[in-house]
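First the structure, in the form of structure tokens, and then the observations on it.
The values are calculated or read from the model by the stated rules, or taken from the named source; none is laboratory data. Keep in mind it's a predicted model, so treat the numbers as computed, not measured. Here the Cβ is made from the backbone with ideal geometry for all residues, glycine too, and neighbour counts use every protein chain on show.
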Amino acid sequence: MVRYRQIIPRMLFGLAAAVSLAALAVQPAQAQAADTSFFLTSMGIGNGGNLGGLAGADNHCQTLAQAAGAGAKTWRAYLSTQAADGQPAVNARDRIGKGPWQNSRGVVIAKDVAELHGANNLTKQTALSEKGEVVNGRGDTPNRHDVLTGSQPDGTAFAAADDRTCKNWTSSTQGSAMMGHSDRIGLRDDDASKSWNSSHPSRGPDGGCSQADLRSTGGDGLLYCFAAN
């Protein structure tokens, strides 16, 4: 009986210590999620280039951030729109706040808008999803590195002559969308192939804006999301 009385308290103490350590291990992850201010969506809306306009894209970012524990911020999709129907163009760079922005592991992507559109720290390893996961790039199956932006390299909108935004993110049947490479790798060793936000327009058998079109060139309708506050 003496042995059992000695063993049981030790077992209970060991169990309590293990539980405490497990709780401590969880806490930093939660804190990092709350501090996240940039992510690449783990999934697209699923309707090609029809995102429901900027509002629908922003809502997608907000919903994913909320599920990941970072919903207290105001989230914006990195997207430009072109002048149309009497409405002026909107530049992606003007929608995302001032920075700095960091991923779910606390790694800073860029300290401000100028650095984001210059020598930033956005790579396949740092452009993590809201879940803190690396997103497939070139060489992975399936490749998902094409990210919708509708933007020029400096983060501004294209002129209205050629559709580069799938009719301002309302069409999955007409137009095309400018996309960037989240892994900074393309078919060639040039600036466009390495561009995170302005690599090439979408294309495909349906014209460029269907979900099948986006997947045909290595995409899935993914978005960059930034905390604007």
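Looking only at residues in segment 172-198 that are among the charged types (D, E, K, R) and within 26 Å of Asp58 (Cα to Cα), which one is surrounded by the fewest Cβ atoms within 10 Å (Cβ to Cβ)? Spell out how you get there, then give the answer.
We begin by selecting, within segment 172-198, every residue among the charged types (D, E, K, R); these are 183-184, 188-191, 194.
If we keep only those that are within 26 Å of Asp58 (Cα to Cα) too, we end up with 183-184, 194.
Numbers: Asp183: 24, Arg184: 18, Lys194: 15.
So the residue we want is Lys194.
Given the conditions (1) under 16 Å from Leu40 (Cα atoms); (2) without any contact (Cβ under 8 Å) to a residue 60 or more places away in the chain, and given that Val147 satisfies all but one, which numbered condition is not satisfied?
(2)
Just a yes or no: is a residue in segment 42-58 at pLDDT 95 or above and either in contact with a Pro (Cβ under 6 Å, 6 or more places away or on another chain) or among the aromatic types (Phe, Trp, Tyr) (or both)?
Looking for residues that are at pLDDT 95 or above and either in contact with a Pro (Cβ under 6 Å, 6 or more places away or on another chain) or among the aromatic types (Phe, Trp, Tyr) (or both), one finds none in segment 42-58, hence no.
Looking at (1) farther than 18 Å from Leu223 by Cα; (2) outside any loop (DSSP other than H, G, I, E, B), which is the one condition that is false for Val147?
The one condition Val147 does not meet is (1).
Which of the residues that make up segment 199-211 are in contact (Cβ under 8 Å) with a residue 12 or more places away in the chain and either surrounded by fewer than 24 Cβ atoms within 10 Å (Cβ to Cβ) or of a type in the set (Lys, Arg) (or both)?
Of everything in segment 199-211, those that are in contact (Cβ under 8 Å) with a residue 12 or more places away in the chain and either surrounded by fewer than 24 Cβ atoms within 10 Å (Cβ to Cβ) or of a type in the set (Lys, Arg) (or both) turn out to be His200, Pro201, Arg203, Gly204, Asp206, Gly207, Ser210, Gln211.
Every residue in segment 61-92 that is basic (Lys, Arg) and assigned to a loop (DSSP other than H, G, I, E, B), please.
Selection gives Lys73 alone.
Name every residue in segment 157-171 that is assigned to a loop (DSSP other than H, G, I, E, B) and either surrounded by fewer than 24 Cβ atoms within 10 Å (Cβ to Cβ) or without any contact (Cβ under 8 Å) to a residue 12 or more places away in the chain (or both), in order of residue number. Let's see the steps before the verdict.
At the first step, the residues of segment 157-171 found to be assigned to a loop (DSSP other than H, G, I, E, B) are 158-164, 170-171.
Those that are assigned to a loop (DSSP other than H, G, I, E, B) and either surrounded by fewer than 24 Cβ atoms within 10 Å (Cβ to Cβ) or without any contact (Cβ under 8 Å) to a residue 12 or more places away in the chain (or both): Phe158, Ala159, Ala160, Ala161, Asp162, Asp163, Thr170, Ser171.
Among (1) under 19 Å from Ala228 (Cα atoms); (2) buried (at least 19 other Cβ atoms within 10 Å of the Cβ); (3) touching a Gly at 6+ places or on another chain (Cβ under 6 Å); (4) not aliphatic (A, V, I, L, M), where does Ser129 come up short?
Among (1) under 19 Å from Ala228 (Cα atoms); (2) buried (at least 19 other Cβ atoms within 10 Å of the Cβ); (3) touching a Gly at 6+ places or on another chain (Cβ under 6 Å); (4) not aliphatic (A, V, I, L, M), the lone unmet condition for Ser129 is (3).
Mind checking whether some residue in segment 182-197 is at negative phi and aromatic (Phe, Trp, Tyr)? Let's see the steps before the verdict.
Residues of segment 182-197 that are at negative phi, as a first pass: 182-183, 185-197.
If we keep only those that are aromatic (Phe, Trp, Tyr) too, we end up with 196.
Looking through segment 182-197, at least one residue is at negative phi and aromatic (Phe, Trp, Tyr).
If you check Thr74 against the conditions, is it buried (at least 18 other Cβ atoms within 10 Å of the Cβ), more than 14 Å from the chain's Cα centre (by Cα) and of a type in the set (Ser, Thr, Tyr)?
Criteria not met by Thr74.
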